[in-house]
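Note sheet for the following structure.
The values are calculated or read from the model by the stated rules, or taken from the named source; none is laboratory data. As the structure is a computational prediction, the values presented were derived from the model and not from experiment. When the accessible area is computed, the model is the full protein with side chains, heavy atoms only, and any ligands, DNA or RNA have been set aside. Shrake-Rupley method; radii C 1.70, N 1.55, O 1.52, S 1.80 Å.
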Amino acid sequence: MSKRYNYDYSRLKDRIAKKYGTLTKFSEAMDCNVSTMSMRLTNRAEWPQGDIIKAKELLRISNRDIGAFFYTTNVQKDWAN
């Protein structure tokens, strides 16, 4: 049985809402398509390292807190192997 990791982006979503109001505005600031950003925030696409750094800067996330925003996991069992 293998495990699949999904990331909990709830804290990141809250920060986006607080700083930008909408996902569309944040996506524009990131120079990213809103559908791609939505896929990243729902674990259907991965975050490239460069975009994590850019988002960290735009959202004013400290180096100390980056893990809480981007690397908090929810572990799910994958029964399909």
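Near the amide H of ASP8, within less than 5 Å, lie the amide hydrogens of THR72, THR73, ASN74, all on another chain or at least 5 residues away, with H placed in the peptide plane. Which entry in (i) 13.3; (ii) 14.0; (iii) 12.3 matches Kirkwood radius over Cα pairs in Å derived from the coordinates of this structure? Calculated Kirkwood radius over Cα pairs in Å: the matching label is (i). Computed with a 1.4 Å probe on the full set of protein chains, the accessible area for SER10 sits at about 60 Å². Accessible surface for the chain, divided over its residues, is 68 Å² per residue with a 1.4 Å probe.
Mean residue ellipticity, 222 nm, helices only, the chain: the sum of -39500 (n - 2.57) across DSSP H runs of n ≥ 4, divided by residue count and rounded to 500, is -13500 deg cm²/dmol.
Angle of helix 10-20 to the longest C-alpha principal axis of the chain, folded into 0 to 90 degrees and rounded to 10: 10°.
How much length would be gained if the chain were fully extended between ASP8 and ARG64, taking 0.36 nm per residue of separation minus their Cα-Cα distance, in nm to one decimal?
Values: separation 56, 0.36 × 56 = 20.16 nm, distance 1.74 nm.
Additional length available on full extension: 18.4 nm.
Only protein atoms count toward the accessible area here, which uses a 1.4 Å probe; on the stretch 1-59, the carbon and sulfur part of that area reaches 48 percent.
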